[in-house]
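As structure tokens, the structure follows; a few thoughts come after it.
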Number of protein chains: 2
Amino acid sequence: MTQLIRTRVTDMLKIDHPIVQGGMMWVAQPELVAAVSNGGGLGIMAALTFGDAKGLEKAIARTRQLTDRPFGVNLTFLPTLIPKDYGSLIDVIVGEGIPVVETAGQNPEPWLDRIKAGGALVIHKCTAIRHAKKAESIGCDIISIDGFECAGHPGEDDVTSLILTPLAASQLTVPVIASGGFADGRGLAAALALGAEGINMGTRFMATAESPIHPAVKQKLVEMNETETILLLRSLRNTERVWRNTLAERVASMEREGAGIEQLAPLISGKNGLRLLSEGELEAGLLPVGQSVGLISDIPAVAELIGRTVTQAHELLATRLPSLLA
Amino acid sequence: MTQLIRTRVTDMLKIDHPIVQGGMMWVAQPELVAAVSNGGGLGIMAALTFGDAKGLEKAIARTRQLTDRPFGVNLTFLPTLIPKDYGSLIDVIVGEGIPVVETAGQNPEPWLDRIKAGGALVIHKCTAIRHAKKAESIGCDIISIDGFECAGHPGEDDVTSLILTPLAASQLTVPVIASGGFADGRGLAAALALGAEGINMGTRFMATAESPIHPAVKQKLVEMNETETILLLRSLRNTERVWRNTLAERVASMEREGAGIEQLAPLISGKNGLRLLSEGELEAGLLPVGQSVGLISDIPAVAELIGRTVTQAHELLATRLPSLLA
């Protein structure tokens, strides 16, 4: 589909539409990433999904079989006991000439020179204005600012996209991508009004034809409403927004009773989450889901989703909103 | 200032600009209410601020000395031990020919016929889609949907304005006013993109020249950032967003330790809040403040604030957003 909306983000990322697909662990597999890039957005795969450098290399090769458009790799810097081998992942990214790296988690500064020396643009994803300013100051090219609504890790401040987006846009020089709570063209138009130059969608892309998750999970996303998420693990200062299934309620209850990481670990294990995602065992694990799930009512192909999102935003900007001018 | 943006809300409320001032207890005094209406928005006074029917009558008379434009009265239906005499307040509203009543709190159905028989339009304020649909079904004319960001009572669902606004707009036939997190023209333009036909601003109007609160409090609002609010009283299922001062931290800590209403009551008393508001004793009480406080950086006159808000939104709709069309 021809370009309808052009911003610094579409120019810098060399994409047609200002829509970035969140680098979701396990979900952002080559098929989904390629579908988003083929649809004119930016697909992003999460490096940590693929185990090691070899796995990432394979995933990149597979994606390149499916698309010749640009796509990105997400590097999430986690405070883990066993340090991940980020160096070798970055070697792959640089060696493969990946054009965009999305960093998240801890401050990317120790790795930034090495990433940028390879020529990649860096989108840093964060949940607070102070972190966004810091990221700009160390040389990140674009800031993705993630509001309270988001799936996964919203941080500990609980400030929403409606507040974070205009603050980031007015306090930064680099372009801002609004993230958390976006699922359609109304959200895209609103983000642009707030000063962002693109949106990130995660939960919305989970409920698409090319998303590699179990059909029962996709159907559940269609059925869920906006009140069916819950914040967990605040007690560990590692808050996560997930679908409020029976297991999530149990974890919340254990937290209220003072359970620590040792007691919670077996329940929140990624293995349980994988069973949920891949086998459709809906109560087996925790499923990161954002409040935008309330705006999801179907399971379209990715290209159709991107097309209707920009078409709706275009119609708002070109026709509906100007019609309100007195 | 001439009308720049016209919606069903401006037409129905007979106002120039799609901006409604939240009916804040204690703060929405005649001077502020009249200034908002004179500025082309809709000022709303909170009936419960004035003690009884006689007090409300006086406040209406005082407001009428200050403006000949329409203004509204807020009726908040609280679950109190000593039932308020809502009947006599409604008699005053009807007798005085008040054109707009904003209802909030519990279901307004028992009082709706009596209010509407007097000819007033009813704006019902709520924090959940199920309540919005119920309010429409019983005959409310406009729904004001209040997101997680808001000052005061955001409800217990924690769904943000970015999600609630488009859901309300698409599921209701009556016009929607977006509330919670709005403080400038970017927010107004975003609300319109999301399908609302107006915005409600509360916290933003507290930091204006005509707001009847202590200068030290206004200055504090300018200094606060978006992370300096806190949700209290969730343990009582009566969640309230307030400024995170020392007292608020203390109440939060007591709640975590299991304190009940008997222990909390002396701290959360309205009398303490009044000392804070009127005498500038910043640690004396709890001050309802929304996340939009992070977007506030000055203390303008109300007319200037309304003027620049609609001018900024107009510029976005007329120029900036269309310039992004490829």
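Since every read-out is calculated from the coordinates, none of them should be taken as a lab result. Just so we're clear, the structure is a prediction, and the values are computed from it rather than from any experiment. Using ideal geometry, Cβ is built from the backbone for each residue, glycine included, and neighbour counts are taken over all protein chains shown.
Comment: the Cα-to-Cβ extended label point of B:Ser278, at 7 Å, lies 6.6 nm from its counterparts in the other copies, nearest first.
Kindly provide log₁₀ I(q)/I(0) values, in the same order as q = 0.14, 0.19 Å⁻¹, from the Debye equation applied to equal alpha-carbon scatterers of region B:120-266. Log10 of I(q)/I(0), two decimals: -0.76, -1.14.
Within the set of other residues whose C-beta is less than 12 Å from the C-beta of B:Gln263, count the net charge using Lys and Arg as +1 and Asp and Glu as -1. Provide the component values of the computation, followed by the final result.
Numbers: positive: B:Arg250; negative: B:Glu255, B:Glu257, B:Glu262.
Charge balance near B:Gln263 sits at -2.
When the Cα atoms of region B:119-200 are aligned to their principal axes, the ranges along those axes come out at 32, 26, 22 Å in descending order. Dipole magnitude for chain A: computed about the Cα centre from +1 point charges on Lys and Arg Cβ and -1 point charges on Asp and Glu Cβ, it is near 340 debye. Residue-normalised convex hull volume from the C-alpha trace of region B:1-159: 115 Å³ per residue. Close amide-amide hydrogen proximity is noted between B:Asn200 and B:Val20, B:Ala178, B:Ser179, B:Gly180, each under 5 Å apart and 5 or more residues distant or on a separate chain (H modeled in the peptide plane; Pro and chain starts excluded).
Calculated FRET efficiency, A:Ala301 and A:Leu274, Cβ-Cβ r, R0 22 Å, to nearest 0.05? Can you show the working numbers first?
Working: r = 25 Å, r/R0 = 1.12.
Given R0 = 22 Å and the Cβ-Cβ separation, E is 0.35.
Shielding value for A:293-303 is 1, the average number of Cβ atoms from other chains within 10 Å of each residue's Cβ. For B:Val222, inter-copy separations between label points set 7 Å beyond Cα along the Cβ vector come to 5.4 nm, shortest first.
What's the FRET efficiency of B:Gln65 with A:Gln171 using the Cβ-Cβ distance as r and R₀ = 60 Å, to the nearest 0.05? Computed FRET efficiency for B:Gln65 and A:Gln171: 0.90. Label positions at B:Lys58 and B:Lys116, each projected 7 Å from the Cα along the C-beta direction, are separated by 3.4 nm. For region A:1-90, the alpha-carbon coordinates run over 46, 26, 19 Å along the three principal axes, in decreasing order. Only beta bridges with both residues in the protein assembly as shown are counted; by DSSP, about 20 percent of them are antiparallel.
Distant-in-sequence amide contacts of B:Glu102, defined by a placed amide H-H separation under 5 Å and a gap of 5 or more residues or a different chain, comprise B:Val73, B:Asn74, B:Leu75, B:Ile123.
Residue by residue through B:276-286, how many Cβ atoms from other chains fall within 10 Å of the Cβ on average?
0
Working note: Karplus 6.51/-1.76/1.60 with θ = phi - 60° gives region A:316-324 the couplings 5, 5, 8, 10, 5, 5, x, 5, 7 Hz, where Gly and Pro are set to x. For chain A, the equivalent ellipsoid built from the Cα gyration tensor has semi-axes of 27, 24, 21 Å, listed from largest to smallest.
Any chance you could tell me what percent of the C-alpha pair distances in the protein assembly as shown go past 40 Å? Write down the numbers at each step before the final one.
Numbers: 60456 of 212226 pairs.
Roughly 28 percent, rounded to a whole number.
Just checking the listed ones, B:Gln106, B:Gln29, B:Gln312: in the Gaussian network model of chain B with Cα springs under 10 Å, the one fluctuating most is B:Gln106. Using only the Cα atoms of region A:195-326, build the gyration tensor, take square roots of its eigenvalues as a ≥ b ≥ c, and label the shape rounded, prolate or oblate: rounded if a/c is under 1.5, else prolate if a/b is larger than b/c, else oblate. In terms of gyration-tensor shape, prolate. Give the nm distances, rounded to one decimal, from A:Lys54 to the matching residue in every other copy, measuring between label points 7 Å along Cα toward the beta carbon; shortest first. Listed shortest first, these distances are 8.8 nm. Counting only other chain Cβ atoms within 10 Å of each residue's Cβ, the peptide B:318-324 averages 5. Summing Lys and Arg as +1 and Asp and Glu as -1 over all other residues whose Cβ lies under 12 Å from the Cβ of B:Glu102 gives a net charge of -1.
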